[in-house]
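S.K.: I am attaching a structure below and will ask some questions about it afterwards.
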Amino acid sequence: MKYHKSKSINIFTTIALFFCLLVSTLSLKAQTVHQIYVAVNGNSAALGTEAQPVNDIADALKLAESVSKKDASKIEIIVRGGTYYADKTLEIIQGKTWNSSVPLSIEAYKNEVVILHGGKTINNDLIKAVTDKKWLARFQPEFRNKIREIDLKAVGVDPGVLRPVGFGRPMAPSWMEVFLNGKPGEIARWPNKGTVPIDSVLNGGSADTGKKAVANKTEDNKPALIAIRPSETDMTVVTFKPADTSKKTVKPVDTTKHGGTFTYNDPRPSNWKEPKKIWLTGFFMWGYADDAIPVAKIDTIRRIITTALPTKYGFGAGKPWRAYYAYNIPEEIDVPGEYYVDSASRVLYFLPPDKLKSVELSVLEDPIVDIQGVSNISLKNLQFTCSRGMGIDMEKTKDVRIDGCTFTNLGMMAIFMGKKGLEPSKDEKTEKPDKPVKPVVKNTVDIINYIYENTTFDSEGGTNNGIINCQVYNTGMGGIYLSGGNRLKLEPAHNFVKNCQIHDFNRIEKTYRPAIYIAGVGNSISNCEIYNSPSVAILLHGNNHIIEYNVIHHTTLEVDDMGAIYYGRDPSERGNIVRYNYFHNLGGQNKTMAIYHDDGACGMSVIGNVFYRAGTVGGFIGGGQDNNYTNNIFLNVRYALHIDKRLNNWAKNVIQKDGLFLKRLDAVNYNKPPYSTAYPDLKDYLTQGPDAPQRNRFYMNLMVNIEQPIEGDSTLFYFDPHNFETIGDPGFKDYPGMDFRVKRNSLIYNKLPGFIPPPLDKMGYHKTN
């Protein structure tokens, strides 16, 4: 056979052209983006084009599902500006409303404001002056003619129920809330600001300790029992109106327990007409445990208050945090924004601001958006508001992005990632400890209690999900609940929160409802600003998390014995890194910390942070091991570090045979891979003396204008000579102006050769739009 050169060139040229055309076609297909438009004035039967938009995101999702089966490689649902009222959840659920792997985005059109609203906006003609003489007589004379009313029956809103809330209790959707001019109102209370000290306790009441308790310190450092699980009274329903319990799953009140009694000094409570509708909230015993319970009666002659239910630890007096305020009192409507709902008539009474522009009532108890089992989904530049529940619920997701969204005026949290961790039965605790069960009340969340008892619980939070450039504020029960990763295998999830601003996130529940809850393995929090909270900013569980480049300030303002970053009670939770963060102006009058390694917490690296007026103590090590502080700056704090050996005294029961720590170590097979290889010191934890802190190191740190470096026994800590303590300004850019960047000629470099200044320029939140 003869070889024809010209023919072969033509054949190869043809093949090359074919492949070029194929690649070009595939590239063109890869760039095919299909857009579906939504507008408040659209039509559910429309085509979804810009000229013919649909009027509901759920309808757009149906169109997207259909389009995804054709030639689109990406689908964008473009939402025009306006308010979209959600009377039910928008579901993006694999196998139910979404069956495609095609990337999908739901985003606001250009700079238009898109609001996903979980309530109702009240028309002005439904807001009326009060004419009922009985109610006018109950209001304070100077406000009678200013108070307005709304008939909730006429607007079709059930006000819901008040219930006990606070430390150790499950979270659930709030009762109806009122928002005036976009700001949260407040159930009428006394006093208007702050709290009233508990005067003298006549009967502390039966502490509501539930079914299980663990050792905890008392004021004299002796063992005491405190509640960990919620009690049978936790979800007791107390209504604005007569309760229809036939439609709710309600646990009965345990009548063997009784409330407390204490005296009051101010004459004001003697003016309240219906004591049984009044509630008290505050820190009744310990400064890390808030509670809210109803009143049974008020003896106005002897000035004695008796509560209808026990509080978690009973009542105490004599400490600055042991105080309360009372609410749900119509006689106390005296500040614009205060309101009260009459349980019998279902009428809302409120004192409006001088210029009333809008009245909104929260209604929806389900999440506004539910995302489950999907991948490559993004929500961008949307606003979530005015709901009794959470903004977004996520589970088993991958590569999901929540970008540039705002979450405000929500009864629960902004975003919850993973399973809810619900109360298991006795059999399930024994046989299937990691299996969540149906909630006692719909949308109940009990993740903090559940993980405390099931430390290897896989929340199925998914992988590589990101919450970025978001703002969260005025939420009721925390901000973002971030989880994912397998603790048994130490498999990371790589879920993250980045460049978010979170503040004022404890309107309803104050303790253990953080701005960000991080759990699981291998997740991160970076470049966030967190502020204005009575308690913790970041609550941590799990392994190998990174917390970096954040600014945390004005947190832990009301609590005692609590940290801005808090974790503890599990020596297998290691590998966590807290680096390059700026903590400032933390705490109030009680003892608080920037970082709290509580009750034997181990294995955290704290690197390159700045602590300025950061509570009483910068870093508090409660008996733990392998916590290292390197290259940090401590300024104007009382103590840089605290260390103690609590596992050798009042907390020693946790390391005894069959104690809490042995169970938690065994749960992760601590002396076998992957734990024995990832954390070499862990396999010998029990044999090398867990009762004494070991291998905690303080190295290359700068301390400026502090009272003393260490609170406690300094011999328990490896305090390296390469640290520098000084009085005055050692060479910052602007010490009085809180600019703690280090000058090039600072004496710090002479005193600490090799010191690396914390990268303050890279810390914090940066608004993107």
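The values are calculated or read from the model by the stated rules, or taken from the named source; none is laboratory data. Treat the numbers as computed from the prediction; the structure is a model and nothing was measured. Every residue, glycine among them, receives a Cβ derived from its backbone with ideal geometry; neighbour counts consider all protein chains shown. For the accessible areas, the whole protein counts, side chains as well, though only heavy atoms, and no ligand, DNA or RNA atoms are used. Shrake-Rupley method; radii C 1.70, N 1.55, O 1.52, S 1.80 Å.
S.K.: Counting only complete DSSP H runs, which helices of the chain cover 30 Å or more along their long axis at the Cα atoms and score a mean Kyte-Doolittle of 0.0 or above? Before the final figure, lay out each step's value.
M.R.: Details: long enough: 5-30 (37 Å, 1.18).
The qualifying helices are 5-30.
S.K.: May I ask which residue of Thr281, Ile57, Ser101 lies farthest towards the positive end of the charge dipole of the chain, with charges of +1 (Lys, Arg) and -1 (Asp, Glu) on Cβ and the Cα centre as origin?
M.R.: Ser101
S.K.: Based on Cβ point charges of +1 for Lys and Arg and -1 for Asp and Glu, what charge dipole magnitude is obtained for segment 631-689 about its Cα centre, in debye rounded to the nearest 20? Spell out each step's value before the answer.
M.R.: Values: 9 positive and 5 negative charges, 31 e Å.
Dipole of segment 631-689, to the nearest 20 debye: 160 debye.
S.K.: In the chain, what % of DSSP beta bridges are antiparallel (nearest 5)? Could you put the intermediate results ahead of the total?
M.R.: Values: 51 of 184 bridges.
Looking only at bridges with both residues in the chain, the antiparallel portion is about 30 percent.
S.K.: To the nearest 0.05, what FRET efficiency results for Asp691 and Lys297 with a Förster distance of 56 Å applied to their C-beta separation? Spell out each step's value before the answer.
M.R.: Values: r = 48 Å, r/R0 = 0.86.
That gives a FRET efficiency of 0.70.
S.K.: Give the peptides 523-532, 744-753 in descending order of average Cβ contacts within 10 Å, highest first. Before the final figure, lay out each step's value.
M.R.: On the way: 523-532: 23.5, 744-753: 13.8.
In decreasing order of mean packing, 523-532, 744-753 become 523-532, 744-753.
S.K.: Leaving out ligands and nucleic acids, and using a 1.4 Å probe, what accessible area per residue does the chain come to in Å²?
M.R.: Details: 31710 Å² over 769 residues.
Dividing the accessible area of the chain by its residue count gives 41 Å².
S.K.: Here's a follow-up. For segment 18-158, take N as its residue count and report Rg(C-alpha) divided by 2.2 N^0.38 Å. Spell out each step's value before the answer.
M.R.: Numbers: Rg = 23.7 Å, N = 141, 2.2 N^0.38 = 14.4 Å.
Relative to the rule-of-thumb radius for its length, segment 18-158 sits at 1.65.
S.K.: As a test of the formula, what do you get for the chain when each DSSP H run with n ≥ 4 contributes -39,500 (n - 2.57) and the sum is divided by the residue count, at 222 nm and rounded to the nearest 500 deg cm²/dmol? Mind showing how you got there, number by number?
M.R.: On the way: 9 runs with 77 residues, N = 769.
So the helix-based figure for the chain works out to -3000 deg cm²/dmol.
S.K.: Here are some pairs, Lys62/Lys88; Lys62/Lys120; Lys257/Lys663; Lys257/Lys419; which of them have Cα atoms lying more than 22 Å apart in this structure? Walk me through the numbers on the way to the answer.
M.R.: On the way: Lys62/Lys88 16 Å; Lys62/Lys120 26 Å; Lys257/Lys663 31 Å; Lys257/Lys419 32 Å.
Correct reply: Lys62/Lys120; Lys257/Lys663; Lys257/Lys419.
S.K.: Please give the peptides 108-121, 38-51 ranked by average Cβ packing (other Cβ atoms within 10 Å per residue), highest first, as a rough proxy for protection. Walk me through the intermediate numbers first.
M.R.: Numbers: 108-121: 18.4, 38-51: 15.0.
Those peptides, ordered most packed to least, come out 108-121, 38-51.
S.K.: Could you look at the chain and say what percent of its accessible area is carbon and sulfur, using a 1.4 Å probe and all protein chains? Can you show the working numbers first?
M.R.: On the way: 16240 of 31710 Å².
Roughly 51 percent of what the probe reaches on the chain is carbon or sulfur.
S.K.: With θ set to phi - 60° and the Karplus curve 6.51 cos²θ - 1.76 cosθ + 1.60, what are the ³J(HN,Hα) couplings of segment 407-420 in order, to the nearest whole Hz, using x for Gly and Pro?
M.R.: 10, 8, 6, 9, x, 10, 10, 6, 9, 10, 10, x, 6, 8
S.K.: Grab the Cα-Cα distance for Thr121 and Asn648, subtract it from 0.36 nm times how many residues apart they are, and report the gain in nm with one decimal.
M.R.: 183.8 nm
S.K.: Check which residues have an amide H placed less than 5 Å from Tyr37's amide H, if you skip close sequence neighbours.
M.R.: Thr49, Val54, Ile78
S.K.: Counting Lys and Arg as +1 and Asp and Glu as -1, each charge on the Cβ, what is the dipole of the chain about the Cα centre in debye, to the nearest 20?
M.R.: Working: 91 positive and 82 negative charges, 201 e Å.
Roughly 960 debye for the chain.
S.K.: Moving on. When only the heavy atoms of the protein chains count and the probe is 1.4 Å, how do Ser100, Ser270 rank by accessible area, highest first? Before the final figure, lay out each step's value.
M.R.: Details: Ser100 15, Ser270 45 Å².
My answer, sorted largest first, is Ser270, Ser100.
S.K.: Say the dipole of the chain comes from +1 at the beta carbon of Lys and Arg and -1 at that of Asp and Glu; which of Gln35, Ile402, Leu351 then lies farthest toward its positive end?
M.R.: Checked the options; the winner is Gln35.
S.K.: Let's see if you can work this out: charge +1 on each Lys and Arg Cβ, -1 on each Asp and Glu Cβ, no other charges. What is the dipole magnitude of segment 246-398 about its Cα centre, in debye to the nearest 20? Display every interim value, and only then the final one.
M.R.: Numbers: 21 positive and 18 negative charges, 79 e Å.
Roughly 380 debye for segment 246-398.
S.K.: Same structure, new question: Report the extension gain between Lys146 and Ser676 in nm, rounded to one decimal, defined as 0.36 nm multiplied by the number of residues separating them, less their alpha carbon distance.
M.R.: Values: separation 530, 0.36 × 530 = 190.80 nm, distance 6.83 nm.
Difference between extended and current length: 184.0 nm.
S.K.: Would you check the accessible area of Asp458, probe 1.4 Å, heavy atoms only, in square angstrom rounded to 10?
M.R.: For Asp458, the solvent-accessible surface is approximately 60 Å².
S.K.: Add +1 for every Lys or Arg and -1 for every Asp or Glu among the other residues with Cβ under 9 Å from the Cβ of Met477, and state the total.
M.R.: Numbers: positive: Arg507, Arg513; negative: Glu509.
Here the count lands on +1.
S.K.: Would you tally the net charge around Pro173, using a Cβ to Cβ cut-off of less than 9 Å, leaving Pro173 out, and scoring K and R as +1, D and E as -1? Don't skip to the answer; put the middle values down first.
M.R.: Values: positive: Arg388, Lys442; negative: Glu365, Asp366.
That sum, taken over residues with Cβ under 9 Å, equals 0.
S.K.: Tell me, what is the 1.4 Å probe accessible area of Leu364, in Å² to the nearest 10?
M.R.: Leu364 exposes around 10 Å² with every protein chain in place.
S.K.: Separate question: List, in order, the whole-Hz ³J(HN,Hα) value for each residue of segment 282-298 obtained from phi through the Karplus relation with A = 6.51, B = -1.76, C = 1.60 and θ = phi - 60°; use x for Gly and Pro.
M.R.: Per residue, the Karplus-derived 3J(HN,Hα) values read x, 9, 7, 9, 9, x, 10, 9, 7, 7, 9, 9, x, 8, 9, 6, 10 Hz.
S.K.: Same structure again: For Ser270 and Lys183, what does the FRET efficiency come to when R0 = 30 Å and r is the distance between their Cβ atoms, rounded to the nearest 0.05? Intermediate values should be presented prior to the final figure.
M.R.: On the way: r = 32 Å, r/R0 = 1.05.
Using R0 = 30 Å, I get an efficiency of 0.40.
S.K.: Still on this structure: Could you tell me the accessible area of Trp650 in Å² (1.4 Å probe, neighbours in place), rounded to the nearest ten?
M.R.: 20
S.K.: Any of Lys498/Lys767; Lys183/Lys297; Lys133/Lys277; Lys183/Lys510; Lys510/Lys762 with alpha carbons more than 22 Å apart? Name them for me.
M.R.: Working: Lys498/Lys767 12 Å; Lys183/Lys297 33 Å; Lys133/Lys277 20 Å; Lys183/Lys510 19 Å; Lys510/Lys762 30 Å.
Long pairs (Cα-Cα over 22 Å): Lys183/Lys297; Lys510/Lys762.
S.K.: Using the Cα centre of segment 247-351 as origin and beta-carbon charges of +1 (Lys, Arg) and -1 (Asp, Glu), tell me which of Val341, Pro269, Ala317 is placed farthest towards the positive end of the dipole.
M.R.: Ala317
S.K.: Show me, for segment 392-402, the HN-Hα J-couplings you get by feeding each phi into the Karplus relation (A = 6.51, B = -1.76, C = 1.60, θ = phi - 60°), rounded to Hz, glycine and proline as x.
M.R.: Each residue of segment 392-402 in turn: 10, 10, 10, 7, 6, 9, 9, 6, 9, 10, 10 Hz.
S.K.: While we're looking at this one, here's another question. Keeping all protein chains in place and using 1.4 angstrom, which order do Arg638, Arg80 fall into by accessible surface area, from largest down? Let's see the in-between values first.
M.R.: On the way: Arg638 115, Arg80 70 Å².
Descending accessible area places them as Arg638, Arg80.
S.K.: Suppose we keep just the alpha-carbon trace of segment 476-591; what are its Rg and Dmax in angstrom?
M.R.: Values for segment 476-591 (Cα only, Rg and Dmax): 13.5, 43 Å.
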